[in-house]
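The values are calculated or read from the model by the stated rules, or taken from the named source; none is laboratory data. Note that the structure is a prediction, hence the values are computed from the model and not measured. Cβ coordinates were reconstructed from backbone atoms using ideal geometry, including for glycine residues, and neighbour counts include every protein chain displayed. Calculation scope for accessible area: heavy atoms of the full protein, side chains included, ligands and nucleic acids excluded. Shrake-Rupley method; radii C 1.70, N 1.55, O 1.52, S 1.80 Å.
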Amino acid sequence: MEEQTPVTESVDNPKTEGKKRSVWNTISLIASRALLVVSIIVVIFTVFSTIMFNKDDREIFGVKMYVVLSDSMKKTDFAAGDLILVKEVDPKTLKEGDIITFVSQNEKSLGETITHKIREKTTTKDGDPGFITYGTTSDENDKAVVTYEWIKGQYVGKIPWLGWVFSFLKTIPGYIVCILLPFGALIAYQGVHCWKYFKAYRGEKTDEYRIERERLAKEREETQRMLEEMRA
């Protein structure tokens with residue numbers, strides 16, 4: 001018997017190429033949707049953080065949010081770049097070991113928002129109640145006593161690195177990387193697809209024009225043939 005050569009599907013088989021295009025279209029669609037979701041989340045986070053972070057008069061569910069700028073509490077609780085959550089508290093209920101956020105009255109950091117641990121209760125020279133605070137990293141006491149009027153709240157938790165993300169978004173490189181590039185990629189992706197659709201549309205119109213021209217040519221030929229038959 002004559003041996004038959006097994007027939008294999010050609011690499012250039014239209015079905016194979018169609019499957020490849022389908023897979024690629026699916027992947028690109030998923031990627032574009034994911035990029036869109038990420039971009040929207042980044043924009044929402046940017047707007048939310050700008051409105052809420054480091055604002056004494058803004059809170060959500062009774063919690064204020066501050067970005068940590070130093071490592072004065074890194075040894076035990078939180079580090080620079082973390083986002084800390086602070087809740088309003090009655091100063092009279094505070095005790096040794098609690099962590100509080102307050103407006104610094106030290107000469108070197110006057111007016112800055114500080115979050116340190118309470119060492120002990122005390123009073124000022126004028127007899128006003130307050131606290132001696134310190135940063136756990138250096139274990140050195142803050143020079144000024146923190147009286148009740150300067151306390152913004154008590155530390156209740158943190159979100160690691162979220163403050164760093166916020167700080168990065170406020171910079172020009174952060175804006176370019178996290179907002180401009182993703183939306184630019186989306187615009188480019190949609191532009192490519194629009195161009196493909198436009199080319200396909202032009203191709204369809206060209207085919208329609210060719211088919212119509214061929215139909216008219218056949219009609220002219222048929223008309224010419226009928227005239228010749230009538231003359232004969």
**Residue list for the range 173-191, restricted to those being over 15 Å from the mean Cα position of the chain (by Cα) and exposed (fewer than 11 other Cβ atoms within 10 Å of the Cβ)** = 187, 188, 191
**Prompt:** What is the one condition in (1) at pLDDT below 95; (2) open to solvent by 40 Å² or more (accessible area, probe 1.4 Å) that residue 109 does not satisfy?
**Reply:** (2)
**Filter result for residue 93 (modelled with pLDDT of 95 or more, among the polar types (S, T, N, Q) and within 13 Å of residue 155 (Cβ to Cβ))** = no
**Prompt:** Do we have residue 95 as over 30 Å from residue 48 (Cβ atoms), open to solvent by 80 Å² or more (accessible area, probe 1.4 Å) and out of contact with any Asp or Glu (no Cβ under 8 Å at 6 or more places or on another chain) here?
**Reply:** yes
**Asked** Tally time: how many residues in the range 1-52 are at pLDDT 80 or above and over 30 Å from residue 67 (Cα atoms)?
**Response** 4
**Message:** Take residue 90 and tell me if it is in contact (Cβ under 8 Å) with a residue 60 or more places away in the chain and acidic (Asp, Glu).
**Reply:** no
**Request:** Please work out which one of (1) within 21 Å of residue 168 (Cα to Cα); (2) at pLDDT below 85 is the condition residue 55 fails and give its number.
**Result:** (2)
**Request:** Kindly list, by first and then second residue, each pair from a residue in the range 148-167 that is within 13 Å of residue 45 (Cβ to Cβ) to a residue that is hydrophobic (A, V, I, L, M, F, W, C) and open to solvent by less than 40 Å² (accessible area, probe 1.4 Å), limited to pairs with Cβ atoms under 7 Å and residues at least 6 apart or on different chains.
**Result:** 159/83; 162/83; 163/67; 163/68; 163/83; 166/53; 166/67; 167/67
**Prompt:** Restricting attention to the range 87-94, does a residue exist that is over 14 Å from residue 151 (Cβ atoms) and either of a type in the set (Lys, Arg) or within 25 Å of the chain's Cα centre (by Cα) (or both)?
**Reply:** no
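Looking at the structure I just gave you, is residue 83 touching a helix residue (DSSP H, G or I) at 6+ places or on another chain (Cβ under 7 Å) and surrounded by 15 or more Cβ atoms within 10 Å (Cβ to Cβ)?
Here the answer is yes, as residue 83 does meet what is asked.
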**Asked** Can residue 194 be described as over 23 Å from residue 88 (Cβ atoms) and open to solvent by less than 50 Å² (accessible area, probe 1.4 Å)?
**Response** no
**Request:** Please state which one of 36, 29, 85 is among the aliphatic types (A, V, I, L, M), in a strand (DSSP E or B) and either under 30 Å from residue 185 (Cα atoms) or touching a residue at least 24 places away in the same chain (Cβ under 8 Å) (or both).
**Result:** 85
**Complete:** Subset of the range 197-211, residues open to solvent by less than 80 Å² (accessible area, probe 1.4 Å) and of a type in the set (Asp, Glu), comes to 207
**Complete:** Picked from the range 144-172 (must be assigned to a loop (DSSP other than H, G, I, E, B) and modelled with pLDDT under 95), the residue most open to solvent (accessible area, probe 1.4 Å) is 161
**Fill in**
Within the range 57-69, of all residues that are open to solvent by less than 60 Å² (accessible area, probe 1.4 Å) and in a loop (DSSP other than H, G, I, E, B), the one nearest to residue 113 (Cα to Cα) is 68
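Condition check: within 18 Å of the chain's Cα centre (by Cα), among the aliphatic types (A, V, I, L, M) and under 24 Å from residue 178 (Cα atoms). Does residue 69 satisfy that?
Working: within 18 Å of the chain's Cα centre (by Cα): no; among the aliphatic types (A, V, I, L, M): yes; under 24 Å from residue 178 (Cα atoms): yes.
In short, no.
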